[in-house]
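Asker: This is the structure I want to talk about, given as structure tokens.
The values are calculated or read from the model by the stated rules, or taken from the named source; none is laboratory data. Keep in mind it's a predicted model, so treat the numbers as computed, not measured. Virtual Cβ from ideal backbone geometry, glycine too; neighbours counted across all protein chains shown.
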Amino acid sequence: MHEPFSEQELILFASTGIILVLIILVVAAVLIQHKRKFRHRQRLAEVKNQYEKTILETELKIKNDTLKAVSRNLHDNIGSNISTAMLLLYTDEQMAAAERETNRREALHMLDGIVDDLKHLARSLSPAYLSDIGLTEAIRQRIQQLEKTKKYQLNCHLQEAPSPLDPEKQLILYYIFQEAINNINTHAMANSIEVTLRYEKDELLLLVKDNGIGITTADAAHPARGSGLTSMSRQAAMIQASLQIDSHQQEGTSIRLRLPHPYIYDTGIHALQTN
């Protein structure tokens, strides 16, 4: 028969058991924490990949829209101005010398404008276009293109940025502005557009408003227009901006975006990584 365990042996066994349990608990806690960190890193990697993918898609969309704008400008504005300049340069023997000189000067003035337009179009096709000129100037130049169509009464209030904007946020802001203008051109049937860009200490406000027919339920469900509105909302959320779309039938649509911390010292993905 085995002798009963002594008190010291029981204490030893109990202590050993407690130590083993504690070791198991510590190892389990370490594994759980490691797993949580791994999942967190995985989530950050997925968010970063999605962020970078969205930035790339936005760049491609802006380039595509820019090419369309260039094509329209070449056809509607520059092409017609070249035709007019050619007519002005046409000489008729019955035309008085003073009239010929006036036409010549007017044609040269138009050609100077065409050269400036072509230079601007060439710059707008540069990959670094938005980074080089900044959001305010990019919006101003787009407004100037709209003015040349003579389709809209334009009322614009554009402030200059007090500090450099975060490049990725700037890209998305311009995308949202351009998408809003495209919606007006394609769907709104408006004749008036108001654009406001205001910078504050820690916030940026962008407002695009028209006096068109508004957005109906059918418009929101339309594949083209509905997807455009959804895309604007998704892009705004990605940079932690609030986007408000107010629309009433026959009273127009206003798109108001507020972006906190728009400047280069703070980016959405960096803020996420520090959480």
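Asker: Kindly check whether there is at least one residue in the stretch 26-40 that is at pLDDT 70 or above, out of contact with any His (no Cβ under 7 Å at 6 or more places or on another chain), among the small types (Gly, Ala, Ser) and loosely packed, with under 13 Cβ neighbours inside 10 Å.
Answerer: yes
Asker: Name the pairs: first residue in the stretch 79-102 and within 15 Å of Val115 (Cα to Cα), second residue in a helix (DSSP H, G or I), Cβ to Cβ under 6 Å, at least 6 apart or on different chains?
Answerer: Final answer for the pair search is Asn81/Met110; Asn81/Ile114; Ala85/Ala107; Ala85/Met110; Ala85/Leu111.
Asker: Looking at this structure, is Thr102 surrounded by 12 or more Cβ atoms within 10 Å (Cβ to Cβ), at pLDDT 70 or above, closer than 30 Å to Leu204 by Cα and among the β-branched types (Val, Ile, Thr)?
Answerer: So Thr102 fails the test.
Asker: Kindly list the number of the only condition in (1) modelled with pLDDT under 70; (2) part of a helix (DSSP H, G or I); (3) among the hydrophobic types (A, V, I, L, M, F, W, C); (4) touching a helix residue (DSSP H, G or I) at 6+ places or on another chain (Cβ under 9 Å) that fails for Phe5.
Answerer: So Phe5 meets the others, but not (2).
Asker: Look through Ile78, Ile82, Ile18 and report the one residue that is modelled with pLDDT of 80 or more and in a helix (DSSP H, G or I).
Answerer: Ile18
Asker: Which one of the conditions (1) out of contact with any Ser or Thr (no Cβ under 9 Å at 6 or more places or on another chain); (2) at pLDDT below 90; (3) of a type in the set (A, V, I, L, M); (4) surrounded by 15 or more Cβ atoms within 10 Å (Cβ to Cβ) does Val195 fail to meet, given that it meets all the rest?
Answerer: (2)
Asker: Within the stretch 207-215, does at least one residue satisfy the condition of being modelled with pLDDT of 85 or more and more than 25 Å from Gln141 (Cα to Cα)?
Answerer: So far as the stretch 207-215 goes, yes, one or more of its residues are modelled with pLDDT of 85 or more and more than 25 Å from Gln141 (Cα to Cα).
Asker: Might you check whether a residue that is in contact with a helix residue (DSSP H, G or I) (Cβ under 6 Å, 6 or more places away or on another chain), at pLDDT below 90 and either of a type in the set (Asp, Glu) or surrounded by 20 or more Cβ atoms within 10 Å (Cβ to Cβ) (or both) occurs anywhere in the stretch 265-273?
Answerer: No, there is no match, as no residue in the stretch 265-273 is in contact with a helix residue (DSSP H, G or I) (Cβ under 6 Å, 6 or more places away or on another chain), at pLDDT below 90 and either of a type in the set (Asp, Glu) or surrounded by 20 or more Cβ atoms within 10 Å (Cβ to Cβ) (or both).
Asker: Considering only residues that are among the hydroxyl-bearing types (Ser, Thr, Tyr) and assigned to a helix (DSSP H, G or I), look in the stretch 221-258 and name the one that is modelled with the lowest pLDDT.
Answerer: Ser227
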